[in-house]
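Asker: For reference, the structure I am asking about is given below.
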Amino acid sequence: MKRSLPLLWRRINERYNLVGSICQTCNTPYFPSRKICPKCRRKGKLISQKMPNEGKIFTFTQVHAAPAGFEHETPYFMAIIQLKNDVKVLAQLVDSPVEKVKIGANAKMVFRKIYEDNHEGAIAYGYKFKIV
Ligand SMILES: [Zn+2]
């Protein structure tokens, strides 16, 4: 399936700036953004909202066997970050000493260069997180 350019640009904005959406009816934030709130269905009213840049490590894993294009970065950590609004985001951890990578550690979003295309396209690694 070929994606339209406007959609691609919108996704890039989401990926670079952690822009998701929030349901104004029930106040639930979503990232990636949604068009329909699963709680409110037709009553939900969703608008764009920037997600907080900070959160805590909810869980993490160390990656030793990387996908093609990321071999030179192994081993590295992938973590699920629970943002301050409770939204969970999967991201790579960078610039974080191994001994500080723990569940509950504070993490902050950093903007990183995209190194490679993968099956999701060039936008898959726009943001990463580091332990603060
Ligand atoms: Zn809702």
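The values are calculated or read from the model by the stated rules, or taken from the named source; none is laboratory data. Note that the structure is a prediction, hence the values are computed from the model and not measured. These accessible areas exclude ligands, DNA and RNA; they are computed on the full protein's heavy atoms, side chains included. Shrake-Rupley method; radii C 1.70, N 1.55, O 1.52, S 1.80 Å.
Asker: As a test of reading the structure, rank THR61, THR74 by solvent-accessible area (1.4 Å probe, protein chains only), most first.
Answerer: THR61, THR74
Asker: CYS37's amide H: which non-local residues (gap 5+, or another chain) put their own amide H closer than 5 Å, with H modeled 1.01 Å from N in plane and none for Pro or chain starts?
Answerer: GLY44
Asker: Moving on. Starting from the amide H of ALA107, placed 1.01 Å from N in the peptide plane, find each other amide H under 5 Å away whose residue is 5 or more places distant or on another chain.
Answerer: For ALA107, the qualifying residues are GLY55, LYS56, ILE57, VAL132.
Asker: Could I ask something else about it? Residue-wise, which Karplus ³J(HN,Hα) couplings in Hz belong to region 82-88, taking 6.51 cos²θ - 1.76 cosθ + 1.60, θ = phi - 60°, and x for glycine or proline?
Answerer: Calculated HN-Hα couplings, in order: 8, 6, 4, 9, 6, 5, 9 Hz.
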